[in-house]
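Only the coordinates and a few stated rules stand behind these numbers; no lab work does. None of the values given here were measured: they were computed from a predicted structure. For neighbour counting, all protein chains shown are included, and Cβ atoms are generated from backbone atoms with ideal geometry for every residue, glycine included.
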Amino acid sequence: MTGARILIVDDELHIRRLLRASLERAGYAIAEAVTARELLSVLPIEQPDLVLLDLGLPDRDGLELLPLLGAVPVIVVSARESVEEKVAALDLGAVDYVTKPFDSDELLARVRAALRQRRATQSSAAVVRVDDIEIDLDERSVRRSGAEVHLTPKEYGLLAALAAHPGRVITHGQLLRSVWGPAHAANTEYLRVTVRGLRAKLEADAAAPRLILNEPGVGYRLAK
Amino acid sequence: MNRIERRATAETLLMVAAVTGLGLAAQGRIPASAMDLLYLVPVAVAARLHGLGQGVIAGTASALAYNFFFVPPVYTLRIDDSENIVTVVALLAVAVFTSRLTAQLRSQAREAQAAAARNAALASFARQLAGSSDEAALAHAICTEAARIFAADALVVLRGHDVPLAAAPPFDRLAGLDLQAAQQCIESGGRSGRGTATLQAADWSFVALPTPSGVVGALGLARGDGRAPVDGDDPLLASIAAQAALALERAALARELNDVAALRERDRLRGALLSSVGHDLRTPLTAILAASAELRATVADAALVATLDSEARRLDRYIANLLDMVRIEAGAIRLNLEPVDLVDAVAAALRDVRGGDAVQVDVPADLPLVRLDAQLFHHILINLIDNARRHGAGAPVTIAAARHGDGVTLAVCDAGPGLPPGSEARVFETFTRLEGSDRVGGTGLGLAIVKGFAEAMGLHVSAANRADTRGAAFTLELPAVLLVAVAP
């Protein structure tokens with residue numbers, strides 16, 4: 001989605017400058033904010049399609065800002081690498097989490113995914129394809145190389161939750177709440193077992209997964 | 001008869017004589033039959049003031065005087081009328097009744113006085129304890145107060161100790177029978193030692209210090225003259241012991257709270273320091289890497305940019321390792337345990353390691369889940385894979401997991417020159433680089449981090465040369481207690 005508007009929020013001048021350079025070269029329009037206060041004041045004016053948010057802002061913790069940003073997708077770009085911070089950011093609605101120092105190509109890929117995702121939600125893509133797997137969210141059916149695969153309700157629920165946001169990490173808590181219900185938000189073992197079941201049915205090699213990818217301690221994502 | 005009794009008897013007889021004199025003086029003006037009522041006065045007064053004995057003396061004397069002076073025939077002692085017998089009996093009955101009533105009142109008053117004294121002593125005890133917050137000062141206050149209240153030597157000994165926490169006057173350590181008595185008292189929660197039913201030969205008399213959560217210790221009392229310091233079960237002693245115990249428990253809890261608060265504060269500071277150091281070191285690296293990516297797009301000398309990029313990345317790994325090592329050494333690791341699928345863990349590690357594609361993986365998809373900190377385990381695997389790749393002389397690295405006894409093992413193997421014999425344990429020491437090997441690169445921290453993280457999670461890690469072929473094997477043992485049984 002070239003031409004999309006991205007708001008960079010970071011208090012480091014060099015980081016903003018470099019992010020701007022690579023994103024502009026990729027064809028995006030860029031706005032910048034240095035503080036949380038500035039972010040909140042320019043947000044309604046700039047109306048960005050995506051926010052790149054540093055958590056360590058001088059005036060306010062980025063995690064506190066996430067709930068205030070409304071429907072704008074946010075990618076957190078932070079030097080904080082603890083699993084708790086990642087899970088907290090994702091649970092608070094961030095669409096992705098990139099740790100500093102980041103790889104520029106990797107960051108661009110995540111930006112593209114987040115923007116594609118935004119467009120996809122607007123037009124509600126009903127069929128998700130990854131390699132030879134086809135997930136039809138309307139028909140609630142899954143095909144592998146064209147042949148229908150039978151999944152248990154939990155397996156389908158989990159796959160659908162991941163397929164609703166391809167490429168995006170969904171936290172263990174989010175997956176457990178949406179598929180098993182809020183009472184089971186901490187039963188990570190359910191998730192592990194169901195992922196095993198899905199891999200056995202969908203992966204070429206269940207011991208070397210390429211479809212359902214694990215982010216250690218954080219969650220799972222569907223490969224793009 | 002002692003002096004007091006003689007004096008009381010004299011008073012009693014004097015009262016009877018006075019009433020008799022009064023009766024004689026008033027003779028003719030009051031009927032003779034009413035005279036017996038007058039004698040009620042000395043009987044009641046004597047019984048009230050001096051108890052039953054004097055009451056009976058007054059009653060008897062009154063009956064005799066009445067009979068002698070007023071009952072016809074007067075001036076003789078003859079009881080020939082049933083009415084007179086009734087008078088004598090009535091007077092004696094009044095004496096008994098009045099004296100009993102008085103005795104009761106008197107003992108009630110004595111009890112009330114004793115209770116007031118006890119309450120005053122308890123209140124003063126509580127006041128003294130309230131001023132002390134740490135255990136030693138508190139125990140000292142308990143001893144001083146108990147010594148004052150019971151006029152005896154006092155000490156406080158805690159469960160499992162033979163040296164008193166405090167004593168007044170100072171006391172060195174309990175031994176022999178006294179120590180036995182103290183222990184017995186703490187075990188039973190009752191009393192023991194001098195003046196009690198158990199271990200009476202001990203010099204000290206102990207009472208347990210009971211709290212809702214058990215007996216914390218004992219209060220000991222002893223007197224220089226060897227007499228029992230407290231008789232029977234003195235309610236004051238029980239109250240003092242209960243108060244002392246509660247105060248000691250409160251002090252112990254306060255100390256624990258303080259300790260926890262101090263620890264937490266230290267942890268918080270350390271955490272803040274680590275994350276700010278991490279942030280400060282990484283921010284410039286982020287800029288360098290982003291700049292190198294920009295250069296890649298614009299500068300022709302790709303090799304130069306690639307060097308810049310890979311060196312910056314290496315620096316980043318070293319910083320990560322350094323921070324991890326500080327965390328381990330500072331004991332600042334907080335575990336986030338969750339059931340982990342080894343397939344997931346290995347796949348994620350291979351994605352994060354350069355050249356991970358070349359690693360041969362043999363991790364069955366049906367192994368039990370393992371309760372681990374996913375992030376720490378990720379770092380362990382990355383360091384082991386990185387180590388194997390660097391020392392594997394270009395030959396393929398393999399990762400294999402298997403059931404082993406009750407547990408599971410996971411081995412990262414290389415096909416390099418292997419470890420010099422005898423150095424197997426030393427490789428995990430900080431900054432160890434083995435001589436005679438081609439160990440290049442690395443900070444010497446990677447394997448120390450592996451060991452630190454593994455031990456934090458209850459894993460055992462060992463290094464050995466492979467038996468089947470050339471190369472070294474680093475094996476993680478995941479014990480049965482960490483395995484999570486899952487229904488298939």
- Message: Averaged over its residues, how many other protein chain Cβ atoms are within 10 Å of peptide B:265-277's Cβ atoms?
- Response: 1
- Task: Neighbouring Cβ atoms within 10 Å as the yardstick, rank B:391, A:165 fewest first.
- Result: A:165, B:391
- Inverting the mean 1/r over all pairs of different Cα atoms, compute the Kirkwood radius of the protein assembly as shown and quote it in Å. 34.2 Å
- Query: Rounded, prolate or oblate: which fits the stretch B:327-383 when a ≥ b ≥ c are the square roots of the eigenvalues of the alpha-carbon gyration tensor, with rounded for a/c under 1.5 and prolate only if a/b beats b/c?
  - Reply: oblate
- Message: If I take every Cα pair under 8 Å that is 6 or more residues apart in chain B, average their sequence separation and divide by the length, what percent do I get for the relative contact order?
- Response: 8 percent
- Message: Give me the three principal axis extents of the stretch A:1-111 from the C-alpha atoms, as integers in angstrom, largest value leading.
- Response: 33, 30, 25
- Message: If I take every Cα pair under 8 Å that is 6 or more residues apart in the stretch B:337-484, average their sequence separation and divide by the length, what percent do I get for the relative contact order?
- Response: 26 percent
- Message: For the stretch B:332-427, I need the span (max minus min coordinate) of the C-alpha atoms along each principal axis, in Å, sorted largest to smallest.
- Response: 36, 30, 29
- Query: What's the angle, to the nearest 10 degrees (0 to 90), between helix B:235-298's Cα axis and the longest principal axis of chain B?
  - Reply: 20 degrees
- Quick calc, residue B:30 & residue B:242: beta-carbon distance into FRET formula, R0 56 Å, rounding 0.05, result 0.35
- Query: Relative to the longest principal axis of chain B, what angle (0 to 90°, nearest 10) does the C-alpha long axis of helix B:135-150 take?
  - Reply: 10 degrees
- Item | Convex hull volume per residue in cubic angstrom - Cα atoms of chain A | 127 Å³
- Query: Counting Lys and Arg as +1 and Asp and Glu as -1, each charge on the Cβ, what is the dipole of the stretch A:127-222 about the Cα centre in debye, to the nearest 20?
  - Reply: 260 debye
- Query: Can you give the angle from 0 to 90° between the axis of helix B:302-329 and the longest principal axis of chain B, with both taken from C-alpha atoms, to the nearest 10?
  - Reply: 20 degrees
- Task: In debye, nearest 20, what is the charge dipole magnitude of the stretch B:258-329 about its Cα centre with +1 on Lys and Arg Cβ and -1 on Asp and Glu Cβ, if you could check?
- Result: 160 debye
- Where in the stretch B:342-364 is the amide nitrogen less than 18 Å from a point lying 7 Å along the Cα-to-Cβ axis of residue A:109? B:347-359
- Query: Taking only the alpha carbons of chain B, what extent do you get along each of the three principal axes, in Å, biggest first?
  - Reply: 154, 51, 49
- Message: Neighbour counts of other C-beta atoms within 10 Å: give me B:206, B:125 arranged from fewest to most.
- Response: B:125, B:206
- Task: Could you tell me what fraction of 2.2 N^0.38 Å the Cα radius of gyration of the stretch B:130-255 comes to, as a two-decimal ratio?
- Result: 0.93
- Message: What is the ratio of the Cα radius of gyration of the stretch A:127-222 to 2.2 N^0.38 Å, with N the residue count, to two decimals?
- Response: 0.99
- How high is the relative contact order of the stretch B:130-255, in percent, counting Cα pairs under 8 Å that sit 6 or more residues apart? 24 percent
- Message: Residue by residue through B:315-322, how many Cβ atoms from other chains fall within 10 Å of the Cβ on average?
- Response: 1
- Query: Fewest first, what order do B:124, B:275 take by the number of other Cβ atoms within 10 Å?
  - Reply: B:124, B:275
